[in-house]
Amino acid sequence: MAETSTTEPVTRPVGEAFWNPQAHMPTARAKRLVITGGEGAWLTSSTGQRLLDATASLWHANVGHGRERIARAAYDQMRKLETYHTFSRFANEPALRLADRLVALGPIPEAKVILTSGGSDSVDVVCKLARRHWQLEGRGTKKIILSRHGAYHGLHAFGTSITGLEYNRDGYGTESLVPETARIATNDIDDVRAQVERIGAENVAAVIAEPVIGTGGVIGPADGYLDGLAALAREYDILLIADEVITGFGRTGEMFGSQRYGINPDMVTMAKGITSGYAPLGGVLVAPRVADRFFAGPAGGDAPMFRHGLTYSGHATACVVAEANLDILEEEGLVERAAHLETVLEKAVEPLRTHDLVAEVRAGDAFMAGIQLRADVTGDAVAETCTDAGVLIRTIHNNTLQICPPFVTTEDEIALIAETITRALDTYPA
Ligand SMILES: Cc1ncc(COP(=O)(O)O)c(C=O)c1O
């Protein structure tokens, strides 16, 4: 007779296997904060704590949490057809509808739309497509992708290679995972011109810029910088790419940052606010200048192909989620609300400028703010004090506290964010 084992099954705490993105794992495990629910601008943690979401999760919860209408749209679509892929001649209805709607909202007339699974995917698309464009133009030396110091463009291979945050590029054995990239000055257009001259415009495919730098510390464009970049791109025949993964879908008080800052990019990357986080989705708007040749001529003709795509390009459920999210943005006037809340936030954080522990306050370029603390202050400790007090804050580049609330946040809640930060600084070290 076989012996029955008396060994108890090994039980391990839930999440032992989980490896967080962008995390120092011993710290992440020791201080894990598990979010279990959300309603509007508020969250609930696994310990039952209520938290005001001052960062809109990772800059994406534009319409706020817990929207039943979006959940129902996803449910209805899943019951009908979860998705069907869009490679080659296949398509699904939500992807077709969403593409048209994005063009109507976006800053590029007559654009074409490539749908992706998120921001890093979208960055890969624009970088590949920029190089493909010049190759097809017969100007194959134009390969270099220019990006700004302090920029963040996600962490796929292209995003890693073009980031202006050096620590994200380090450690992969080469200076740049994808060769032929270079950094340009963040806010000094004369310096950018000098760099383009030095590199040679005949070697440059594109320049990519966030209208307002997010992860790099919430840095708005200097007066004339984005205009200057657009003019320079035209002058030197370089494609201009606006990375609107954060600034898209209302964060700057216009649907896109390119509209607020009056630039006409050749391509625009999108993600995050396209669904407010209710489903992973990204996209790229492509101007006719780049797209037209791929659509020209008859079926079976000799138009070139852009050999790129993902299983979930144009995922049907993600697309209806985006449509419901856009309906909410429009019907509730949330983009206009974001424009108003930008000024409320700017005023609320103004007094922090003179706080002893604050190096710089950056606000007024979108509905977001960066509170850069002095280098000798442990920003993570300040963020933790705020979070313990009920306002969820995190640090980003350069010891900066990120403020980027959902558009449904009230003026009182914005005041609460500023008060909580002030109190955390007043009592520092806790
Ligand atoms: C400007 C910008 N581009 C690209 C990305 C990457 O997006 P994702 O994390 O969805 O891949 C981000 C993410 O924060 C971003 O802020």
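The values are calculated or read from the model by the stated rules, or taken from the named source; none is laboratory data. In this text the structure is predicted, and so the values were computed from the model without any measurement. We place every Cβ from the backbone using ideal geometry, glycine too, and count neighbours over all the protein chains shown.
Is it fair to say Leu115 is buried (at least 23 other Cβ atoms within 10 Å of the Cβ) and within 16 Å of the ligand (Cβ to nearest atom)?
Numbers: buried (at least 23 other Cβ atoms within 10 Å of the Cβ): yes; within 16 Å of the ligand (Cβ to nearest atom): yes.
Taking the combined requirement at face value, the residue satisfies it.
Applying the selection to region 19-35, what residues are loosely packed, with under 12 Cβ neighbours inside 10 Å and either assigned to a helix (DSSP H, G or I) or touching a Ser or Thr at 6+ places or on another chain (Cβ under 7 Å) (or both)? Let's see the steps before the verdict.
Residues of region 19-35 loosely packed, with under 12 Cβ neighbours inside 10 Å: 19, 21-22, 24-27, 30-31, 34.
Correct list: Met25, Pro26, Thr27, Ala30, Val34.
Please identify the pairs in which a residue from region 149-169 that is on the phi > 0 side of the Ramachandran plot has its Cβ atom under 7 Å from the Cβ atom of a residue that is within 7 Å of the ligand (Cβ to nearest atom) and at pLDDT 95 or above, counting only partners at least 6 apart or on another chain.
Note: pairs meeting the criteria are Gly154/Gly119; Gly154/Ser120; Gly154/Val123.
Cβ-Cβ below 8 Å, separation at least six or inter-chain, first residue in region 116-144 and assigned by TED's automatic domain parsing to the domain that holds Ala287 and touching a residue at least 40 places away in the same chain (Cβ under 8 Å), second among the basic types (Lys, Arg) and within 12 Å of the ligand (Cβ to nearest atom): which pairs?
Close Cβ pairs satisfying both conditions: Gly119/Lys272.
Which one is farthest from the ligand (Cβ to nearest atom), of the residues in region 205-227 that are among the hydrophobic types (A, V, I, L, M, F, W, C) and either free of Cβ contacts under 8 Å to residues at least 60 places away in the same chain or in a loop (DSSP other than H, G, I, E, B) (or both)? So that I can check it myself, show each step before the final result.
Here is the first cut: in region 205-227, the residues among the hydrophobic types (A, V, I, L, M, F, W, C) are 205-209, 212-213, 218-219, 222, 226.
From the residues that got through so far, the ones that are either free of Cβ contacts under 8 Å to residues at least 60 places away in the same chain or in a loop (DSSP other than H, G, I, E, B) (or both) too are 212, 218, 222, 226.
Details: Val212: 9, Val218: 11, Ala222: 18, Leu226: 14 Å.
That would be Ala222.
Residue-wise test of (1) at pLDDT 95 or above; (2) farther than 24 Å from Lys272 by Cβ; (3) not aliphatic (A, V, I, L, M).
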{"site": "Ile189", "(1), (2), (3)": "yes, yes, no"}
{"site": "Glu197", "(1), (2), (3)": "yes, yes, yes"}
{"site": "Gly200", "(1), (2), (3)": "yes, yes, yes"}
{"site": "Glu210", "(1), (2), (3)": "yes, no, yes"}
{"site": "Gly214", "(1), (2), (3)": "yes, no, yes"}
{"site": "Gly220", "(1), (2), (3)": "yes, no, yes"}
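In region 147-157, which residues are more than 16 Å from Thr400 (Cα to Cα), within 10 Å of the ligand (Cβ to nearest atom) and either surrounded by 20 or more Cβ atoms within 10 Å (Cβ to Cβ) or small (Gly, Ala, Ser) (or both)?
Correct list: His153, Gly154.
Scan Ile208, Ile219 and give me the residue that is out of contact with any helix residue (DSSP H, G or I) (no Cβ under 6 Å at 6 or more places or on another chain) and farther than 23 Å from Ala130 by Cβ.
Values: Ile208 fails: farther than 23 Å from Ala130 by Cβ.
Answer to the selection: Ile219.
Quick check on Pro304: is it assigned to a loop (DSSP other than H, G, I, E, B), surrounded by 19 or more Cβ atoms within 10 Å (Cβ to Cβ) and more than 13 Å from the ligand (Cβ to nearest atom)?
Working: assigned to a loop (DSSP other than H, G, I, E, B): yes; surrounded by 19 or more Cβ atoms within 10 Å (Cβ to Cβ): no; more than 13 Å from the ligand (Cβ to nearest atom): yes.
For Pro304, the condition - assigned to a loop (DSSP other than H, G, I, E, B), surrounded by 19 or more Cβ atoms within 10 Å (Cβ to Cβ) and more than 13 Å from the ligand (Cβ to nearest atom) - is not met.
Taking region 333-348 as the search range and keeping residues that are among the small types (Gly, Ala, Ser) and part of a helix (DSSP H, G or I), which one is surrounded by the fewest Cβ atoms within 10 Å (Cβ to Cβ)?
Of all residues in region 333-348, those among the small types (Gly, Ala, Ser) come to 333, 338-339, 348.
Within this subset, residues satisfying the condition of being part of a helix (DSSP H, G or I) are 338-339, 348.
Numbers: Ala338: 27, Ala339: 18, Ala348: 22.
Among those residues, the one meeting the criterion is Ala339.
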